[in-house]
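Visitor: Sharing a structure with you now.
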Amino acid sequence: MTDSSKLSLNPRMSKRTFLAGSAASLALSAKPFSVRYAKAQASEWDLIIVGGGTAGMPAAIFAAERGARVLLVDKAPVLGGTMDRSTGQVAAAGTVWQKELGIEDSPDAHYDDVMRINRNTSDPLLTRLLVDNAADTLNWFAARGFTVMDHHPVMGGGHEPFTTRRYQWNENGAKAFQAIMDPMVEAAQKSGRLEILVSTGAVDLVQDETGAVRGVVTENDSGERVDYRSKFVLLTRGGCASNPRMFEDLHGVPLFCEVAYPYSQGQGITLGLGAGGYVRGGDKYATLFGTILESDYFPAPSIGGPSLSPQRRPPWEVFVNVHGKRFVREDHPSVAHREYVLGQQPGLRHWAVFDQEVLDSAPPFIPRWSREELEDHFVDHPMFSKAATIGELGVKAGVNPHNLEIEIAAYNDAILNDRPDAMGREHRPAPIAKGPFYAIRLQGWNVMSYAGLGVDGQLRVTRADGTPIPNLYAAGEVIGNASTSGKALTNGMGVTPALTFGRLLGQKIIPLTA
Ligand SMILES: Cc1cc2nc3c(=O)[nH]c(=O)nc-3n(C[C@H](O)[C@H](O)[C@H](O)COP(=O)(O)OP(=O)(O)OC[C@H]3O[C@@H](n4cnc5c(N)ncnc54)[C@H](O)[C@@H]3O)c2cc1C
């Protein structure tokens with residue numbers, strides 16, 4: 001341990017211990033970097049990067065390339081973070097792939113589209129920073145071998161489409177970005193510009209009496225604590241989407257689905273708070289339309305992906321909330337609209353209700369399941385109910401049976417008498433009239449944190465009054481997905497800003513001097 005007599009450790013931080021994650025479940029398929037202990041503990045680093053994932057890796061590569069001495073610390077035994085599982089869908093205006101196809105686009109058009117989709121709820125400065133720099137990031141990857149799927153860019157995938165084709169991904173998801181960065185990180189390590197500590201978490205920030213950040217206190221898996229000094233600290237530790245308690249505290253919504261990187265425990269948020277920062281964006285939580293969970297014990301794994309896009313499979317089912325009421329036009333063409341309305345339903349839950357006729361005639365509701373597999377779930381799975389009457393179905397499914405009877409009768413009546421649907425639905429292939437009747441409970445969910453540390457337009461972590469905490473920067477999910485995605489699932493607004501802001505911070509934003 002170095003002499004820290006002139007530096008005060010922040011006592012608040014060491015008391016904070018958020019839940020330990022299920023790190024054991026991490027698939028350790030990525031290449032492990034050697035565990036090394038930084039040689040020059042007593043000397044000062046130019047930059048310490050806390051978290052070597054989607055945002056941290058490009059930051060390290062670019063800062064080292066600039067000539068800075070960089071220490072990269074990661075709690076996991078491997079680098080890469082969420083890139084091990086992220087679909088890696090990214091968006092930018094002015095990419096080489098657009099140029100190849102003659103697609104005209106501009107950062108202004110990208111900005112307008114993002115704001116249209118999220119109803120002006122993302123941070124304007126950060127959204128601007130992203131759209132102005134995303135193409136340089138993706139073109140940098142393209143120049144190093146990153147490729148996209150055939151027929152990409154596209155306007156959209158599972159989320160609300162853009163008005164032009166600027167959205168793409170690689171068949172290996174975000175792993176394809178990591179595959180390009182791994183050798184560059186290794187080269188930076190060999191050059192002596194970059195030191196990497198894996199299996200080592202940052203447990204505290206070192207601040208001087210003015211509040212300026214001066215370093216990081218780390219703890220390795222053996223419990224050994226070391227205090228490293230640096231001119232700047234960058235927090236790229238990811239979000240809290242594997243920490244159920246913190247996730248619910250910050251969003252007011254339970255963490256329903258177990259899908260995020262196990263090390264996404266929100267400790268970056270805690271560190272920033274301890275240094276004087278604040279959290280924003282939890283109120284912008286946006287839900288995905290619905291998945292089927294394994295159990296009611298949240299967070300639970302998803303067991304099946306229903307086909308909910310009316311463009312791919314026009315709906316045969318009726319959707320109701322826990323009150324047994326329909327709440328959305330099931331075939332509304334806008335997924336953002338359907339998700340937004342679901343976000344206003346109790347528990348973000350909805351039930352797909354149908355009858356034997358639909359089961360026999362409609363294309364499969366869960367495309368990856370066989371008919372036998374689906375029927376097996378109606379025997380004893382808590383999300384699946386089957387009954388002889390609609391009223392009984394409501395009781396079994398936990399949906400107001402009286403209202404359900406009224407809603408289904410009204411739906412059928414409008415079809416049989418050729419009257420418009422109460423919700424404006426157009427695709428009404430058959431009434432729900434032939435028993436037995438079925439209900440599948442679907443859960444709104446999300447894979448990332450919307451809440452995160454407040455930063456300014458230069459990605460400096462700020463206090464609630466907007467003043468920056470000297471020397472402390474942040475990027476990636478630790479600044480909250482809402483900062484660039486807003487209250488919506490806006491195409492590519494997780495990976496694109498993580499890579500782009502990481503790059504920009506290492507390349508030019510942090511005033512590093514070689
Ligand atoms: C299944 C899934 C699919 C997704 N698909 C998309 C998509 O298609 N498009 C999109 O835009 N977004 C997507 N996202 C979101 C996006 O991938 C993430 O928001 C983004 O990758 C987060 O990057 P990050 O650098 O903030 O975090 P990470 O990449 O997770 O990196 C954080 C790093 O910090 C480390 N760390 C954690 N705690 C500590 C500590 N105490 N000390 C030191 N290090 C620590 C972690 O080990 C990790 O390596 C998806 C997310 C998931 C889970």
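The values are calculated or read from the model by the stated rules, or taken from the named source; none is laboratory data. Everything numeric in this text was worked out from a predicted model, so none of it was measured. Ideal geometry is used to build each Cβ from the backbone, glycine not excepted, and the neighbour counts take in all protein chains shown.
Visitor: Quick check: is even one residue across the range 236-251 assigned to a loop (DSSP other than H, G, I, E, B), away from the ligand (no atom under 12 Å from the Cβ) and more than 13 Å from the chain's Cα centre (by Cα)?
Guide: Checked against the condition, which is being assigned to a loop (DSSP other than H, G, I, E, B), away from the ligand (no atom under 12 Å from the Cβ) and more than 13 Å from the chain's Cα centre (by Cα), the range 236-251 yields no hits at all.
Visitor: Please enumerate the residues belonging to the range 270-280 that are in contact with a strand residue (DSSP E or B) (Cβ under 6 Å, 6 or more places away or on another chain) and under 26 Å from ASN118 (Cα atoms).
Guide: Listed by number, the list holds a single entry, GLY277.
Visitor: Could you say which residue among GLY347, GLY276, GLY305, GLY272 is surrounded by 17 or more Cβ atoms within 10 Å (Cβ to Cβ) and under 24 Å from the mean Cα position of the chain (by Cα)? Spell out how you get there, then give the answer.
Guide: Details: GLY347 fails: surrounded by 17 or more Cβ atoms within 10 Å (Cβ to Cβ); GLY276 fails: under 24 Å from the mean Cα position of the chain (by Cα); GLY305 fails: surrounded by 17 or more Cβ atoms within 10 Å (Cβ to Cβ).
Exactly one residue qualifies, and that residue is GLY272.
Visitor: Right, here's the next one. Among residues belonging to the range 212-232 that are touching a Phe, Trp or Tyr at 6+ places or on another chain (Cβ under 7 Å) and within 13 Å of the ligand (Cβ to nearest atom), point out the one that is farthest from ASN481 (Cα to Cα).
Guide: TYR228
Visitor: Please indicate, with yes or no, whether at least one residue in the range 45-68 is more than 8 Å from the ligand (Cβ to nearest atom) and at positive phi.
Guide: yes
Visitor: Quick one: how many residues across the range 24-66 are over 25 Å from the mean Cα position of the chain (by Cα), modelled with pLDDT of 50 or more and not in a strand (DSSP E or B)?
Guide: If we filter the range 24-66 for residues that are over 25 Å from the mean Cα position of the chain (by Cα), which is where we start, we get 33-47, 63-66.
From what is left, the residues that are modelled with pLDDT of 50 or more are 41-47, 63-66.
After this cut, where a residue has to be not in a strand (DSSP E or B) as well, the list is 41-43, 63-66.
Matching residues across the range 24-66 total 7.
Visitor: A further question follows. Please verify whether ASN139 is in a loop (DSSP other than H, G, I, E, B) and either within 16 Å of the ligand (Cβ to nearest atom) or more than 30 Å from ASN471 (Cβ to Cβ) (or both), treating the condition exactly as stated. Explain how you work it out, then say what you get.
Guide: Details: in a loop (DSSP other than H, G, I, E, B): no; either within 16 Å of the ligand (Cβ to nearest atom) or more than 30 Å from ASN471 (Cβ to Cβ) (or both): yes.
Against the criterion (in a loop (DSSP other than H, G, I, E, B) and either within 16 Å of the ligand (Cβ to nearest atom) or more than 30 Å from ASN471 (Cβ to Cβ) (or both)), ASN139 does not qualify.
Visitor: Then there's this: How many residues are within 38 Å of the chain's Cα centre (by Cα), surrounded by fewer than 18 Cβ atoms within 10 Å (Cβ to Cβ) and among the hydrophobic types (A, V, I, L, M, F, W, C) when one looks only at the range 382-421?
Guide: Within the range 382-421, residues that are within 38 Å of the chain's Cα centre (by Cα), surrounded by fewer than 18 Cβ atoms within 10 Å (Cβ to Cβ) and among the hydrophobic types (A, V, I, L, M, F, W, C) number 1.
Visitor: So, MET155, is that one touching a Pro at 6+ places or on another chain (Cβ under 6 Å) and closer than 16 Å to ASN491 by Cα or not?
Guide: Working: touching a Pro at 6+ places or on another chain (Cβ under 6 Å): yes; closer than 16 Å to ASN491 by Cα: yes.
Here the answer is yes, as MET155 does meet what is asked.
Visitor: Moving on. Quick check on the range 69-103: of everything there that is without any contact (Cβ under 8 Å) to a residue 60 or more places away in the chain and assigned to a loop (DSSP other than H, G, I, E, B), which residue is nearest to LEU138 (Cα to Cα)?
Guide: Going through the range 69-103, the residues without any contact (Cβ under 8 Å) to a residue 60 or more places away in the chain turn out to be 94, 96, 99-100, 102.
Those left that are additionally assigned to a loop (DSSP other than H, G, I, E, B): 94, 102.
Details: GLY94: 9, GLY102: 17 Å.
The extreme case among them is GLY94.
Visitor: Would you say SER334 is touching a residue at least 40 places away in the same chain (Cβ under 8 Å) and out of contact with any Phe, Trp or Tyr (no Cβ under 8 Å at 6 or more places or on another chain)?
Guide: Working: touching a residue at least 40 places away in the same chain (Cβ under 8 Å): yes; out of contact with any Phe, Trp or Tyr (no Cβ under 8 Å at 6 or more places or on another chain): yes.
Here the answer is yes, as SER334 does meet what is asked.
Visitor: Identify, from the list GLN458, GLN443, the residue that is assigned to a loop (DSSP other than H, G, I, E, B), over 12 Å from the mean Cα position of the chain (by Cα) and in contact (Cβ under 8 Å) with a residue 24 or more places away in the chain.
Guide: Working: GLN443 fails: assigned to a loop (DSSP other than H, G, I, E, B).
Just one listed residue meets the conditions, GLN458.
Visitor: Of all the residues that make up the range 175-223, how many are farther than 15 Å from LEU71 by Cα and either free of Cβ contacts under 8 Å to residues at least 24 places away in the same chain or in a loop (DSSP other than H, G, I, E, B) (or both)?
Guide: Number satisfying all stated conditions: 10.
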